[in-house]
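The values are calculated or read from the model by the stated rules, or taken from the named source; none is laboratory data. It should be emphasised that the depicted structure is a prediction, and the values quoted were computed from it without experimental measurement. A quick note on method: Cβ atoms are made from the backbone with ideal geometry, for glycine too, and the neighbour counts reach across all protein chains shown.
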Amino acid sequence: MTGEIVKEPRAVFQALLDGVTGKKWSLLPELYAEDCVVEHPFLGFGQRMEGRDRIRKHFEFASGIPLQLRARNVVVHQTVDPEVIVAEFEYHGEVTTTGRTFVAPCIFVMRVRDGLIVESRDYANHLALAYVSGRVPELLSMLEKADS
């Protein structure tokens, strides 16, 4: 996330990973289209976020989680649709307040159009990430507010 415009889905995905692992939370929403749709099917509630403003709130929540993340074992698969990639990776993390470490496998199915994420299904265990960092009540509260 150097401020340069990236267009290719692989490069946009890499910018997303770099932003998350580099804790560049305020810059991440700019990778998403204004009318994007992001789903977290494994969150348990089938959470669906619509629009860049909702994505911004998601990353604001994430910014308060005391984690240090590294992306490992990253494999990106190009599909027959040039806008769509499937990315497999693991977040290797540490809870900075406790020193507790964990590995969170992830798969993102992402559609990038004109250099912006327009759709993404992020198969990651966000509940486990909230659990290891002691923020389950906050996550549940955020989900409740998002549904109302």
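Remarks
- Qualifying residue in the stretch 72-85 (condition: part of a strand (DSSP E or B) and touching a His at 6+ places or on another chain (Cβ under 8 Å)): yes
- Test: residue in the stretch 110-118 that is on the phi > 0 side of the Ramachandran plot and among the acidic types (Asp, Glu): yes
- Within the stretch 31-47, being exposed (fewer than 15 other Cβ atoms within 10 Å of the Cβ) and either assigned to a strand (DSSP E or B) or at pLDDT 95 or above (or both) holds for 34, 35.
- Among residues of the stretch 114-131 that are under 18 Å from residue 48 (Cβ atoms) and of a type in the set (Phe, Trp, Tyr), none has a Cβ under 6 angstrom from a residue that is modelled with pLDDT under 95 and in a strand (DSSP E or B) at a sequence gap of 6+ or on a separate chain.
- Qualifying residue in the stretch 89-109 (condition: within 14 Å of residue 17 (Cβ to Cβ) and over 13 Å from the mean Cα position of the chain (by Cα)): yes
- Restricting attention to the stretch 97-126 and to residues that are hydroxyl-bearing (Ser, Thr, Tyr) and under 17 Å from residue 71 (Cβ atoms), the residue that is modelled with the highest pLDDT turns out to be 120.
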